[in-house]
Amino acid sequence: MNDIQKLADILNAAVILLNSNTHEANYLNAQPTDTSNHTINFLLANIQLLSNHQYQSLNSPWGHILTCQITNNLIICLSFNYSETSNELMTMHSLSNLKSISQIIYKLYNGKDAPDTDVIITKFSDKQLVKIENNQPFDATLFFNAETDIIKAIIYSHNEQLTSALEKLSYIKIIG
């Protein structure tokens, strides 16, 4: 667990160990400024959703949470609070490497190679799944149409069309 705490310190995140059977959650490193335990309460309220996926990225109202299911009942959560961090490069690095970070956490805890599954991204402002696992191969036509819609919406300053086009893009499996 010390290695996971060190990883979290490097990534400027708080580490929470969550037990889905007993519904207990504890900070593994020094508890952050979350004195009212918003993050822990948020995770416990959504524990059923967390135990359905190996790796999951949650967009909470006050930050970002990466979860990694390390055993059948244990989940390690890294809670990133980007409002306190002024390092934009670290923010971009952690968001662009969600799967790698999840696999490192799994390997550090279990000592064996991590599963090669996708990270499920969930937006919690409206509890709508943003990215759904899609096993279809990359479709260049859909990608081209989405890009064209984005460019047109930007050129003509249509905010709703831009939002819609970006939403379409999030469902296209580009890599992997």
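Test Gln31 against the stated conditions and say whether it is over 13 Å from Asn73 (Cβ atoms), modelled with pLDDT of 85 or more and open to solvent by 40 Å² or more (accessible area, probe 1.4 Å). I'd like the intermediate steps shown before the answer.
Numbers: over 13 Å from Asn73 (Cβ atoms): yes; modelled with pLDDT of 85 or more: no; open to solvent by 40 Å² or more (accessible area, probe 1.4 Å): yes.
Against the criterion (over 13 Å from Asn73 (Cβ atoms), modelled with pLDDT of 85 or more and open to solvent by 40 Å² or more (accessible area, probe 1.4 Å)), Gln31 does not qualify.
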| said: Please list, ordered by residue number, the helices (runs of 4 or more DSSP H) wholly in segment 81-176 having 3 or more residues that are under 29 Å from Ile70 (Cβ atoms) and at pLDDT 75 or above. | reply: 98-110
| request: Hey, can you tell me all the residues within segment 43-80 that are at pLDDT 80 or above, among the hydroxyl-bearing types (Ser, Thr, Tyr) and outside any loop (DSSP other than H, G, I, E, B)? | output: Tyr55, Ser57, Thr67, Ser79
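The values are calculated or read from the model by the stated rules, or taken from the named source; none is laboratory data. If you're wondering where the values come from, they're calculated on a predicted model, not measured in any experiment. Backbone-built Cβ (ideal geometry, glycine too); neighbour counts: all protein chains shown. The protein model used for the area step is the full one, side chains on, heavy atoms only, and it has no ligands, DNA or RNA in it. Shrake-Rupley method; radii C 1.70, N 1.55, O 1.52, S 1.80 Å.
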